[in-house]
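Visitor: Submitted below is the structure of interest, expressed as structure tokens.
What follows draws every value from the coordinates through simple rules; no lab data is involved. Note that the coordinates shown come from a computational prediction; the quantities given were computed from them, not determined experimentally. Backbone-built Cβ (ideal geometry, glycine too); neighbour counts: all protein chains shown.
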Amino acid sequence: MKFGILIQDGPYNHEASDSAYNFITAALERGHTIQGVFFYNDGVYNVNKLMDPPQDDRNISKRWSELGAKGIDIVVCIAAAKRRGINNDVIVPNVRISGLGQLLELAVESDRLITFGTG
Amino acid sequence: MAEKEKTKIMFVMRKAAHGSIYAYEGLEAILIMGAFEQEISVAFIDDGVFVLKKEQDTKSLGVKEFSKTFRTLEDYDITNIYVDRESLEQRGLSADDLIIPVKVMEAGEIAKIMEGQHVLLPF
């Protein structure tokens, strides 16, 4: 199955980003396709490369960058990002900033769009 | 995408207009996605019904007042706007208190419409 992933919550404060990551990892292991990941609302903070958690904790933005390196299209909403000070200077490699049209495309092209983290 | 069936996308608005950004960024998403000629509908449930409350005044909150922007949904041919009757009544509201015409429906009816969607986007 082709899954699209929408993440609406930031890193660490709640589990949404972790749940999305775990869902994607499990789906890929079972041979499903991840059509793309879209970050909206506070979700845009998940790809901030400046995050530097203690060494014994997971680095959330690094994880998303690694998934991007595997060829998964990871998109950050430009309107939500601009509002929150997220731009090309602060995002991790292998993710890109684009418009909400990309979320629509993801919705159209995926068999299922799964959302994580609406408060 | 010319011959493909339109994708049915429902925005599910469950949070009040202010106090979080969900309603406002939800509206931004509706307006952008409304321009792409898919089948967009919006359901207002729980505190989401407050989003459409008439005569909002946000001056003392210091945040943007955006409820009037919902009047432009018509221009995007977004006319399937559903409001949960029980959510309205629980909050002492009726359709007359809302800024745009809506279809007031029972939860079960809205659930059926949800089942027919390809995508639900919660805000």
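Visitor: Please find, among B:LYS64, B:LYS103, the residue that is loosely packed, with under 14 Cβ neighbours inside 10 Å, of a type in the set (Lys, Arg) and either touching a residue at least 12 places away in the same chain (Cβ under 8 Å) or on the phi < 0 side of the Ramachandran plot (or both).
Guide: After ruling out the rest, the residue left standing is B:LYS64.
Visitor: Additional query: May I ask you to list pairs of residues, at least six apart or on different chains, whose Cβ atoms are under 8 Å apart, with the first in region B:9-30 being touching a residue at least 12 places away in the same chain (Cβ under 8 Å) and the second being small (Gly, Ala, Ser) and assigned to a loop (DSSP other than H, G, I, E, B)?
Guide: Cβ pairs passing all conditions: B:LYS15/A:GLY119; B:TYR22/A:GLY119; B:ALA23/B:ALA16; B:ALA23/B:ALA17; B:TYR24/B:ALA17.
Visitor: Can you give me the number of residues within region B:1-48 that are in a helix (DSSP H, G or I) and more than 24 Å from A:GLY10 (Cα to Cα)?
Guide: 3
Visitor: Which numbered condition in (1) away from every other protein chain (no Cβ under 14 Å); (2) without any contact (Cβ under 8 Å) to a residue 40 or more places away in the chain; (3) surrounded by 13 or more Cβ atoms within 10 Å (Cβ to Cβ); (4) farther than 19 Å from A:ASN22 by Cβ is the only one that A:CYS77 fails?
Guide: Only one criterion in (1) away from every other protein chain (no Cβ under 14 Å); (2) without any contact (Cβ under 8 Å) to a residue 40 or more places away in the chain; (3) surrounded by 13 or more Cβ atoms within 10 Å (Cβ to Cβ); (4) farther than 19 Å from A:ASN22 by Cβ is unmet by A:CYS77, namely (1).
Visitor: Look through B:ILE113, B:ILE99 and report the one residue that is closer than 26 Å to A:GLU109 by Cβ and not hydroxyl-bearing (Ser, Thr, Tyr).
Guide: One residue alone meets the criteria, B:ILE113.
Visitor: Inside region A:4-35, can you point out the residues that are touching a Leu at 6+ places or on another chain (Cβ under 8 Å) and either without any contact (Cβ under 8 Å) to a residue 40 or more places away in the chain or more than 22 Å from A:ARG83 (Cβ to Cβ) (or both)?
Guide: Selection gives A:GLY4, A:TYR21, A:ILE24, A:ILE34, A:GLN35.
Visitor: If you check B:MET114, B:MET105, B:MET33, which single one turns out to be among the hydrophobic types (A, V, I, L, M, F, W, C), in contact with a helix residue (DSSP H, G or I) (Cβ under 8 Å, 6 or more places away or on another chain) and either closer than 21 Å to A:GLY117 by Cα or within 14 Å of chain A (Cβ to nearest Cβ) (or both)?
Guide: Going through B:MET114, B:MET105, B:MET33 in turn, just one is among the hydrophobic types (A, V, I, L, M, F, W, C), in contact with a helix residue (DSSP H, G or I) (Cβ under 8 Å, 6 or more places away or on another chain) and either closer than 21 Å to A:GLY117 by Cα or within 14 Å of chain A (Cβ to nearest Cβ) (or both): B:MET33.
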